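Student: Dropping the structure in here first, questions after.
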Amino acid sequence: MAKKIYTRPVIQRQFMGAANKFGGFVVPESMNSIDGIEINELIAEFGSPLFVFSESTIRRKMKELKQAFGTRYPHYQPAWSYKTNYLNAICKVFHDEGSWAEVVSGYEYKKARKNGIPGNKIIFNGPYKKYEDLKLAASEGARIHVDHLDEVSDLIKISEELGKEIEIAIRINMDSGMYPVWSRFGFNLETGHAIEAVRKISFSKGKLKLIGVHSHIGTFILDTGIYKKGVKKICEFYKKIRDEFHLPLSYIDVGGGFASPSKLKAQYMADSSTIPSLDAYAEAITSTIYDVFGSEEPPLLFTESGRALIDEAGYLVTSIVASKTMPSGKRGLVLDAGVNLLYTSTWYDYKVYPVGQYSGTYEQVVLYGPLCMNIDVVRENVLLPSMQRGDKMVLYPIGAYNVTQWMQFIEMRPAIVMIDKNKKPVIIRRAETVDDVNSIENS
């Protein structure tokens, strides 16, 4: 007869008083497979930690976005936000579903071009565009959104060098009810900086042609009313500069900012009741456009969604490498994945799913990463069963920003697998080695 694993007793403080609607606890669910593939099989083949992405989820979310906007607004074009996750295999799925590319650097622009996206289907944002990258984008007909007057000056010079008029859009910021106000990108509307920038652009006859207005009002926006207020200002500015300056405007770009089911640390609850649907975002945006333009033919509409489309498609499988009791008496679990892989753990409490079946006592534990840094905390507090060294868990949803902001720090970065539409796991980025890092150093 096998010896039973010892489970230490747990003393939990109980609080008396008024009922708390956020009180109580929910026993954590287990997760044993992703898209029908056993997690233990994935670890056995590809190692731990391991990023896993679901192609079917990406395609489903993209179809939901196009359904939400396309059924309400006929002149609509989505653009995939490269900075959210620019793994080539993932970008190609979005492009296969009809999305253009939205980039914020020359590096991302070149990735999009190598992924087969022509320049005229790339939106080029960002506060810093190198001169040579601007020139390349202008020569290939990209939609360049100017962020400041120095960029306007660069583009005038590039126009002279190329001997062609360059089509651009102006990037603006405004008070839309989103606080703090995102005021560092583009020209401010309320101070008059935006209209003054339009005036200077209009003086460059034959060099720059203003054809669009863009604004990205914030991120993880839970109140669709913010979009109604912001889009109203964008549309009114569009009509004002079109009519006063007789400009051939043709589109507006309302950016991104749609929330995903990730739970912000400050949130009490995080479920479908607190996250607006893509339909809710689309209704707020498109109804406002129709209200402003009335019987006029409305302009082409772009969105630059990222987080809301990819977050739910991403999982991180990780293993417990150690267990310890902290001075407070709380139990701490050390994982083989930390903030080096999960940059967004600074803001989000990921859902934690044990792999396997557990019963017995549940307790609040802290999850640490493997780094020799005190800040390497993945979750400050999470309810888990009695788990031991070697046990596995899944952190979810983690698809947005983590694999673009991760670090090669102390540990190598692991492999990334995509479960394709045929339900087969395919490596889309192999695990790093020491030789990979050494290869770009001088010996």
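The values are calculated or read from the model by the stated rules, or taken from the named source; none is laboratory data. In this text the structure is predicted, and so the values were computed from the model without any measurement. Neighbour counts run over all protein chains shown; Cβ positions are idealised from the backbone, glycine included.
Student: In this structure, does Gly314 turn out to be buried (at least 24 other Cβ atoms within 10 Å of the Cβ) and under 30 Å from Gly212 (Cβ atoms)?
Tutor: Here the answer is no, as Gly314 does not meet what is asked.
Student: Can you tell me which residue within region 322-344, out of those that are surrounded by fewer than 20 Cβ atoms within 10 Å (Cβ to Cβ) and among the small types (Gly, Ala, Ser), is nearest to the chain's Cα centre (by Cα)?
Tutor: Taking the candidates together, the pick is Gly332.
Student: Does Ile217 fit the bill of being surrounded by 16 or more Cβ atoms within 10 Å (Cβ to Cβ), outside any strand (DSSP E or B), among the β-branched types (Val, Ile, Thr) and under 20 Å from the mean Cα position of the chain (by Cα)?
Tutor: Against the criterion (surrounded by 16 or more Cβ atoms within 10 Å (Cβ to Cβ), outside any strand (DSSP E or B), among the β-branched types (Val, Ile, Thr) and under 20 Å from the mean Cα position of the chain (by Cα)), Ile217 qualifies.
Student: A follow-up question, please. Among the residues of region 171-205, which ones are out of contact with any helix residue (DSSP H, G or I) (no Cβ under 6 Å at 6 or more places or on another chain), part of a strand (DSSP E or B) and under 25 Å from Lys135 (Cβ atoms)?
Tutor: The answer is Arg171, and nothing else.
Student: Which one of these does Glu161 not meet: (1) part of a helix (DSSP H, G or I); (2) under 24 Å from Pro298 (Cα atoms)?
Tutor: (2)
Student: Pick from Ile234, Ile201: which is under 19 Å from Glu304 (Cα atoms), among the β-branched types (Val, Ile, Thr) and assigned by TED's automatic domain parsing to the domain that holds Pro298?
Tutor: Being under 19 Å from Glu304 (Cα atoms), among the β-branched types (Val, Ile, Thr) and assigned by TED's automatic domain parsing to the domain that holds Pro298 holds for just one of Ile234, Ile201, which is Ile234.
Student: Go through (1) among the charged types (D, E, K, R); (2) part of a loop (DSSP other than H, G, I, E, B); (3) within 22 Å of the chain's Cα centre (by Cα) and name the single condition Lys228 misses.
Tutor: (2)
Student: Give region 378-401 a look and list any residue that's in a strand (DSSP E or B), of a type outside the set (D, E, K, R) and crowded, with 17+ Cβ neighbours inside 10 Å, or say none.
Tutor: Val378, Val382, Leu384, Pro385, Met393, Val394, Leu395, Tyr396
Student: Return yes when Arg60 is outside the structural domain of Lys424 (by TED's automatic domain parsing), basic (Lys, Arg), at pLDDT 95 or above and over 30 Å from Ser250 (Cβ atoms) and no when it is not.
Tutor: yes
Student: So, in region 402-415, how many residues would count as being surrounded by fewer than 22 Cβ atoms within 10 Å (Cβ to Cβ) and either part of a loop (DSSP other than H, G, I, E, B) or not polar (S, T, N, Q) (or both)?
Tutor: 9
Student: So, one more: Would you tally the residues in region 39-73 being surrounded by fewer than 18 Cβ atoms within 10 Å (Cβ to Cβ), within 30 Å of Asp391 (Cα to Cα) and in contact with a helix residue (DSSP H, G or I) (Cβ under 9 Å, 6 or more places away or on another chain)?
Tutor: 1
Student: Of these, Ile428, Ile416, which one is in contact with a Lys or Arg (Cβ under 6 Å, 6 or more places away or on another chain), closer than 26 Å to Gly306 by Cα and at pLDDT 95 or above?
Tutor: Criteria check complete, one pass: Ile416.
Student: Could you go through region 357-372 and let me know if any residue there is among the aromatic types (Phe, Trp, Tyr) and crowded, with 19+ Cβ neighbours inside 10 Å.
Tutor: yes
Student: So if I check each of Glu102, Glu132, which one is assigned to a helix (DSSP H, G or I) and of a type outside the set (A, V, I, L, M, F, W, C)?
Tutor: Glu132
Student: Residues in region 279-297: is at least one crowded, with 20+ Cβ neighbours inside 10 Å, part of a strand (DSSP E or B) and at pLDDT 95 or above?
Tutor: No, region 279-297 has no match at all.
Student: Across region 144-176, which residue is surrounded by the most Cβ atoms within 10 Å (Cβ to Cβ) among those that are within 15 Å of Gly106 (Cβ to Cβ) and within 27 Å of the chain's Cα centre (by Cα)?
Tutor: His145
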